[in-house]
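Each remark here refers to the structure printed beneath this line.
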Amino acid sequence: MATTLELALVALVLAALFGAYRVIRAVKPFVVNAVVGLVVILLAQALGAEVAVTPLALLVVAIAGFPGAVLVILLAYVGVAFAPGLAALPLVVGVL
């Protein structure tokens, strides 16, 4: 016969498993989008585009997927954002 403690532990483990399943199910599309977007960005870098992979770029790609990766590449190409040397630009302009 199972004790009350054993039954409580089984219920706790089952609740943790169901919770983990729900979290993984909610996060899975973002992970898939991020991987697809990173592959697109790395392919663009291999073709000569200069794109800085930053946490903000990863966030955009994780939320928007392939269109987000295209947006990041276009913004880096135009020089608006996500360009490798763009982070130091405001410091140089501020000094001048």
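Each value in this text was obtained by applying a stated rule to the coordinates, not by laboratory testing. None of the values given here were measured: they were computed from a predicted structure.
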> Which entry in [x] 13, 15, 14, 13, 10, 9, 8, 7, 6, 4, 1; [y] 15, 30, 18, 14, 11, 8, 3, 0; [z] 16, 46, 25, 10, 3, 0 is this structure's computed P(r) over Cα pairs in 10 Å bins from 0, in percent?
Replying inline: [y]
> Can you give me the relative contact order of the chain as a percent, contacts being Cα pairs under 8 Å and 6 or more apart?
Replying inline: 24 percent
> To the nearest 10 degrees, how steeply does helix 66-78 sit against the main Cα axis of the chain, on a 0 to 90 scale?
Replying inline: 30 degrees
> For the chain, modelled as a GNM with alpha-carbon contacts under 10 angstrom, which of Val13, Val80, Val53 fluctuates the most?
Replying inline: Val13
>> Given the DSSP H assignment, sum -39500 (n - 2.57) over each helix run of at least 4 residues in the chain and divide by its residue total; what's the result at 222 nm in deg cm²/dmol, nearest 500?
In response: -26000 deg cm²/dmol
> Which of Leu14, Leu56, Leu42 moves the most in a Gaussian network model of the chain with Cα springs under 10 Å?
Replying inline: Leu14
